[in-house]
1. Could you pull out which residues in region 74-92 have an amide N less than 18 Å from a spot 7 Å beyond the Cα of Gln13, following the Cα-Cβ vector?
2. Please express the Cα-Cα pair-distance distribution P(r) of region 74-119 as a list of whole percents, one per 5 Å bin, running from 0 to the bin with the greatest distance.
3. What fraction of the DSSP beta bridges in the chain is antiparallel, stated in percent and rounded to the nearest 5?
4. Lysines near Lys98 by alpha-carbon distance under 24 Å, same-chain residues fewer than 8 away left out - which ones?
5. Met105 label point, 7 Å along Cα→Cβ, cut-off 11 Å on backbone N: hits in region 1-34?
6. With springs only between Cα atoms under 10 Å apart, run a GNM on the chain and tell me which of Met31, Met104, Met82 wobbles the most.
7. Go ahead and collect, in residue order, the members of region 31-47 whose backbone nitrogen is under 20 Å from a label point 7 Å along the Cα-Cβ direction of Gln81.
8. Please return the longest range in the chain lying between exposed loop sites, taking trypsin sites (Lys or Arg not before Pro), DSSP loop only, at most 15 other beta-carbon atoms within 10 Å, and leaving the sites out.
Amino acid sequence: QVQLVESGGGLVQPGGSLRLSCAASGRIFSMYVMGWYRQTPGKQRELVAAITSDGSTNYADSVKGRFTISRDNAKNTVYLQMNSLKPEDTAVYYCNRKDFLGTMMSDYWGQGTQVTVSS
């Protein structure tokens, strides 16, 4: 199975930057989608950014132009570069991976990492 471990969260001033990392271990299928989600108390978990095995990316409107998702296949790691951070970005950020093989889909989540944007 796949295990995901997030890192890089922390406290940052408004306008600052953070880079989140998600390292995957275990078997990884060739067709996949990896994404970053975030959740705050009382809010539904939302997709922030995603990247597919063919390199396509997708972003929530609220983070377009500020966040960038990327990957390093050699390290089995996906990154989320977050710039121009706002207090509204404060949340627990979760890494997600969906693997596809024929009609089978596997869904994995990391433990989450806290991002706090505050002065």
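Every read-out reported here was derived from the displayed coordinates using simple, explicitly stated rules and does not represent laboratory data. The structure displayed is predicted, hence computed values, not measured ones. Counting neighbours? That spans all protein chains shown, and the Cβs are built from the backbone with ideal geometry, glycine included.
1. Zone members listed by number: 82-90.
2. Bin by bin from 0 Å, the calculated values are 5, 15, 20, 20, 16, 11, 8, 4, 1, 0.
3. 95
4. Within reach: Lys43, Lys64, Lys75.
5. Residues 33 fall inside that zone.
6. Met104
7. So the set is 34-37.
8. Looking at the chain, 67-119 is the longest stretch - no exposed trypsin sites (Lys or Arg not before Pro) with at most 15 other Cβ atoms within 10 Å.
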